[in-house]
Each structure stands twice: as C-alpha cells, then as structure tokens.
Amino acid sequence: MLAVFSYVGIQRENCAVGEDVKKLKQRLPLLDYLRQQSWTARPIALGPEFVGLCPLHPETRPSFYVNARKNLFYCHGCGQGGDLIRFVQLSRHLSFRQSLAYLDQQSALPTDSVLEQAATFYQQQLDRYPEALRYLQQRGLRDPALIKELRIGYAPGGSLRRHLAAQGYSFDLLQRLGVLNSQGHDAFYRRVIFPCCQGGRVVNLYGRSIAAAFAHRFLPGSKGGLFAWESVRQFFTVILVEGLFDLAVLWQVGFRHATCSLGTHLNVEQFQQLCDRPRTVYLTFDVDANGSGQQASQQLAQRLCAQGIATRRVLLPNGHDPNSFFVQGGDAGQFQALLEAAQS
Ligand SMILES: [Zn+2]
C-alpha cells in the first residue's frame with residue numbers, strides 16, 4: 001500500500017509536462033513499454049497495480065510497482081520512481097530530451113505481443129466450445145495435430161478483454177489494435193480464429209464466423225504475406241488458394257505445398273513472394289457462380305507470367321472451392337487429377 005502513497009508526489013510533477021509528452025505517454029503506456037522490454041509482473045489483487053523485479057537495480061524479491069491507471073512506477077528497493085520518460089532516463093542513461101526521441105521511435109504499437117497473447121487465449125478456448133469443434137468438423141477439419149499446428153482457436157466473445165486487461169494491456173491500446181471494438185467489446189464474437197504469422201510473429205488474426213453473418217473478418221492492418229510462406233517457399237511447385245479452410249483441408253491430406261492469399265487480391269508482398277524464385281503456381285481459386293474467382297485467377301496468371309512465373313489454373317467442379325471439394329467427398333487422388341489436368 002505504501003506504493004500508492006509514493007505515487008502522489010510524482011504525479012504532481014507530471015502536471016507540468018508538455019502536450020507532446022502527454023500524447024506520447026498515452027500512445028505508449030508505461031506498462032506496455034515495460035512488457036516490451038520483457039518485464040514480467042503479477043497484478044496485485046484486482047487493482048491497477050503490478051509488481052515485479054526492479055529493472056533498475058539487482059534484486060531477488062519484487063519491489064518494483066507499476067500503477068497502470070496512473071501510468072507511474074515506484075521501486076521500494078532503490079527508491080526510484082516516476083513516469084515512462086523518467087524510467088527511460090534511468091534505465092538507458094539518457095537525458096530527458098534523448099529519452100523523448102528514443103520513445104518516439106519505440107511507440108509504434110506493440111502489436112506482436114498483444115496478438116500473440118490473443119491467439120494463445122483463443123487457442124485455449126477451442127476445446128471448451130462444442131459449437132466450434134462442430135464447425136471445424138463441418139469444414140472437414142479432423143486432424144487434431146493439424147488444428148494445433150495451425151494454432152486454430154475460437155473466440156466465444158466477451159472474454160478476451162478481461163483476459164488481456166488482467167495482463168496489464170491498456171484498454172486504449174487494445175482498441176487501437178482492433179481486438180476491442182469502439183464500444184469496448186471483443187471484436188471477434190463466435191468466430192473460429194486463425195493467427196496469420198510472419199517470421200514467427202502473429203501479424204493479424206482471421207476470424208471466420210460460425211454463424212451466417214459477416215463471414216470473414218480481419219483485424220485492421222495488413223493481412224501479412226502468404227500464409228505459412230516460411231515452410232511453403234522451399235517448393236518449386238506451389239498451390240495457391242483463397243481461404244484458410246481450403247489450405248487446411250489440403251494440408252490435411254498431404255498437399256503441404258499449398259499456401260493461401262486470404263482473398264483473391266494479392267497484396268504487393270504476397271505477389272513478390274510468389275515471384276521470389278522460378279516456380280510453378282497452381283491457382284486454385286473458387287469456381288463461383290459469378291465467375292469472380294476465375295476472373296481474379298486469370299488476371300493473376302497474366303501478372304505472374306509477366307514475371308516469368310509459370311502458372312496453371314486448376315478447375316474445380318462448378319460451385320466448388322477446395323474446401324467444399326474435400327468436404328463433399330473429394331479425396332487426395334481426385335485433387336491430384338485436377339492438378340494434372342490444370343491448364344496453363
Ligand atoms: Zn529498484
């Protein structure tokens with residue numbers, strides 16, 4: 001409790017700081033910064049205070065307190081305390097001005113760690129909701145090892161906010177990252193979640209509604225590169241599909257050289273990835289009634305050819321995508337026959 005009183009004097013000092021500093025501290029809350037620096041802490045009861053080992057002096061018993069609401073720290077061991085800028089001055093031996101410049105660079109959103117935590121949380125929920133497992137079954141996904149490998153999870157709605165807040169992430173940050181909506185509720189509600197990773201980092205989350213409305217959703221920001229490109233790029237022959245459920249059923253029956261563009265429109269990075277070495281790309285987009293999948297496939301084939309990439313257009317039966325092909329009884333042999341019949 002002593003910590004609470006110690007904050008008072010420090011806070012008064014804060015009133016004098018300028019508008020820019022105030023904004024910077026809003027953009028990058030102290031606790032978020034400390035977590036980025038791998039500071040581990042536990043919450044004290046249900047309040048806004050956290051305690052952990054002091055990053056400013058050697059110790060074995062935690063005496064470094066952070067009040068997330070006040071955005072201040074205080075250490076009972078070394079007696080240091082203050083705001084984010086004070087912490088940077090002390091920990092990096094910088095002047096006030098240098099600290100501001102340093103923090104300005106650091107204040108890009110800590111997207112990785114939040115999305116990583118959210119993905120892990122959703123993954124833990126999957127087994128607890130029969131409706132989610134039922135949905136995976138319906139989409140032909142049966143292999144528990146693959147479900148685990150793809151880190152598929154479930155967002156029941158209404159529980160992520162509590163989980164992340166308990167770990168000290170600010171409401172404001174979660175809202176800016178889009179995991180909470182403008183009303184402050186979980187953005188994903190009753191959705192199967194696939195984390196989109198790049199270089200081992202979660203860069204976005206894809207949520208497929210298990211109900212009818214608004215089937216596909218991403219968080220704001222880039223969907224990243226091609227799905228699982230780190231493992232697929234080694235292949236000289238690549239199968240490109242639109243959706244993650246297409247990819248999942250293909251991987252399940254052994255077509256591990258399938259990747260996914262998360263829609264028919266490839267972003268610049270995804271396009272460049274396909275062109276990063278000579279290869280043959282099997283374009284396996286949906287064969288839908290309005291022909292949009294096939295039109296996109298034709299245009300992409302032309303663009304890839306212009307870069308020296310060989311393409312084949314795989315023609316699924318009418319009205320099918322790779323997922324529905326397998327769900328409705330198609331097997332690996334039949335799909336292989338489609339690949340072999342694909343036209344350039
Ligand atoms: Zn200390």
**Request:** List the helices (runs of 4 or more DSSP H) that sit entirely inside the range 232-322 and contain at least 2 residues that are without any contact (Cβ under 8 Å) to a residue 12 or more places away in the chain.
**Result:** 268-274, 292-306
**Item:** Hits in the range 253-282 - residues which are buried (at least 18 other Cβ atoms within 10 Å of the Cβ) and more than 22 Å from Phe218 (Cβ to Cβ)
**Value:** Phe255, His257, Arg279, Val281, Tyr282
**Fill in**
Per the filter on the range 43-62, residues out of contact with any helix residue (DSSP H, G or I) (no Cβ under 9 Å at 6 or more places or on another chain) and within 16 Å of the ligand (Cβ to nearest atom) are Leu53, Cys54, His57, Pro58, Glu59, Thr60, Arg61, Pro62
**Request:** Determine, yes or no, whether Arg312 is touching a Phe, Trp or Tyr at 6+ places or on another chain (Cβ under 7 Å), closer than 16 Å to Arg233 by Cα and of a type in the set (D, E, K, R).
**Result:** no
**Request:** For His76, indicate whether it is within 16 Å of the ligand (Cβ to nearest atom), at pLDDT 95 or above and not β-branched (Val, Ile, Thr).
**Result:** yes
**Message:** Suppose the filter is touching a Phe, Trp or Tyr at 6+ places or on another chain (Cβ under 7 Å) and small (Gly, Ala, Ser); does Gly52 pass it?
**Reply:** yes
**Request:** Would you check if Thr40 is within 16 Å of the ligand (Cβ to nearest atom) and over 30 Å from Gly200 (Cβ atoms)?
**Result:** no
**Prompt:** Taking the range 28-48 only, how many residues are without any contact (Cβ under 8 Å) to a residue 12 or more places away in the chain and polar (S, T, N, Q)?
**Reply:** 1
**Asked** Listed residues Val17, Val8, Val4; which is at pLDDT below 75 and part of a loop (DSSP other than H, G, I, E, B)?
**Response** Val17
**Message:** Just checking, does the range 284-293 include any residue being at pLDDT 95 or above and of a type outside the set (Lys, Arg)?
**Reply:** yes
**Item:** Residue in the range 291-300 that is surrounded by 19 or more Cβ atoms within 10 Å (Cβ to Cβ) and over 30 Å from Gln138 (Cα atoms) present
**Value:** yes
**Request:** Return the total of residues in the range 217-231 being of a type outside the set (Gly, Ala, Ser), surrounded by fewer than 24 Cβ atoms within 10 Å (Cβ to Cβ) and either under 24 Å from Ser292 (Cα atoms) or without any contact (Cβ under 8 Å) to a residue 40 or more places away in the chain (or both).
**Result:** 4
**Asked** When residues of the range 95-130 are filtered for being within 27 Å of Leu177 (Cβ to Cβ), assigned to a helix (DSSP H, G or I) and not aliphatic (A, V, I, L, M), how many remain?
**Response** 18
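The values are calculated or read from the model by the stated rules, or taken from the named source; none is laboratory data. From a predicted model like this one, the values you see are computed outputs, not experimental measurements. Quick reminder, even Gly has a Cβ in these numbers, built from the backbone with ideal geometry, and neighbours come from all protein chains shown.
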